[in-house]
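Right, one structure below, let's go through it.
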Amino acid sequence: MLLFENLDLTSIHSILWKGLHLEGPGRPVEYSPECDLRALMLRQLEQIPYVKDLVKRLRRSRSMRMACGYTQVPTEAHFSQMKKRIGVEGFRQIEAWLRWQALKLRGSQPLSAVGLIQAACIDGTDFPAWSSRDPHDTGRGLGDPDARLGRGKKGFVLGYQSLFLVDIEGFPLGHVEASVNMNEKRLVEPLLDRLLGEDIELELAVADSQFESKSIFDSLKARKIGSIIAWRRLKGRVNPPDVLSVKDRIDVEGPEPLRVVYKRLRAMVESLNGRVKARLAYSRFTWQGLGNACIHTCLVFCVVYAVAIAAALMGRPELQYSVAYFA
């Protein structure tokens, strides 16, 4: 498979092999962790709903086994053990490493190679939990006690939400997860803290009117990040003329330069949301727990970064956002 042929995982060997050893007492390693990571990424790329279905597909398809590097196929429990062994932080480190490799290879955004992001959009999306409501407490999940009932993009949903940071080309820079009932404003600071703590510098943040908050303005100002955030129209308040104001549910009005930047970045984050949901089964979350929700998003973004890396190394930069080409 072209995607994995151009993906060298040698640099993250220590993360993938955490808790494993080739010599000494204990059960020998039967399956390479690099193969396990490729299999989990392939599951998202092929939109395979459950790990048990992934195991079945690997057993039936020689080409899939070869793409992952397996000679024998592991069991479903093996993947559960692998996720638990590496943990959420391990998958975050893997994702961060792949992101850096992709950033270094982006010819269209040369400043990103040194961690300078000129403009990015903050926006969130939700995905349902693999659970029904608890009959004794309908605000939480029965099989997934971390899941909560909250208002999503299309009404109430039992599940989780992710807050994304996406640059002007639709390239994802970071994410943070929480139960869907948490106010998105409370996720902005954790998102920025995590991203800016990884040697990335952001000059301008764009967001829609739901992020209009003094605490967010102050937080961005303290980090020396400019902001273009649409202001709501409130009764008895006159918005300043130099800011964007909500015109209807989608459009905004205000200074034309701000509108151009705002619309471009909003379009890019919506493009990413559509891409990961349609091509990488982002909304099909079949694990349980907030930690697994984070790992799920990490794996989705790992595929996005792997596509960008493969496209650059193949000399086909126009394919850097084309997940369908590598599927």
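The values are calculated or read from the model by the stated rules, or taken from the named source; none is laboratory data. It should be emphasised that the depicted structure is a prediction, and the values quoted were computed from it without experimental measurement. Positions of Cβ are backbone-derived with ideal geometry, glycine not excepted, and every protein chain shown enters the neighbour counts.
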Complete set of residues in the stretch 129-150 that are within 22 Å of the chain's Cα centre (by Cα) and under 15 Å from Ala178 (Cβ atoms): Ala129, Asp144, Asp146, Ala147, Arg148, Leu149, Gly150
Leu98 being of a type in the set (A, V, I, L, M) and part of a strand (DSSP E or B): no
Qualifying positions in the stretch 1-42 - among the charged types (D, E, K, R) and free of Cβ contacts under 8 Å to residues at least 24 places away in the same chain: Asp8, Glu23, Arg27
Qualifying helices (runs of 4 or more DSSP H) (wholly inside the stretch 224-327; at least 2 residues being within 30 Å of Asp144 (Cα to Cα) and among the hydrophobic types (A, V, I, L, M, F, W, C)): 256-279, 290-313
Condition check for Ala230: of a type in the set (A, V, I, L, M) and in contact with a Leu (Cβ under 7 Å, 6 or more places away or on another chain): yes
Exclusive hit being within 30 Å of Asp36 (Cβ to Cβ) and touching a residue at least 24 places away in the same chain (Cβ under 8 Å), set Ile122, Ile94: Ile94
Flag if Arg233 is farther than 30 Å from Leu319 by Cβ and over 23 Å from the mean Cα position of the chain (by Cα): yes
Some residue of the stretch 72-84 being closer than 25 Å to Tyr325 by Cβ and not assigned by TED's automatic domain parsing to the domain that holds Leu191: no
Residue check for Ala205: surrounded by 15 or more Cβ atoms within 10 Å (Cβ to Cβ), modelled with pLDDT of 90 or more and more than 22 Å from Phe285 (Cα to Cα): yes
Residue count for the stretch 119-145, restricted to those that are exposed (fewer than 14 other Cβ atoms within 10 Å of the Cβ) and not in a strand (DSSP E or B): 4
Scope the stretch 169-208; condition more than 16 Å from the chain's Cα centre (by Cα) and within 15 Å of Val269 (Cβ to Cβ); matching residues: Leu202, Leu204, Ala205, Val206, Ala207, Asp208
Evaluation of Phe164 against (1) farther than 23 Å from Val206 by Cβ; (2) touching a helix residue (DSSP H, G or I) at 6+ places or on another chain (Cβ under 8 Å); (3) not aliphatic (A, V, I, L, M) (one fails), failing number: (1)
Counted residues, the stretch 146-165 - those being surrounded by 21 or more Cβ atoms within 10 Å (Cβ to Cβ) and outside any strand (DSSP E or B): 1
Qualifying helices (runs of 4 or more DSSP H) (wholly inside the stretch 1-47; at least 2 residues being over 21 Å from Ala311 (Cβ atoms)): 13-16, 33-45
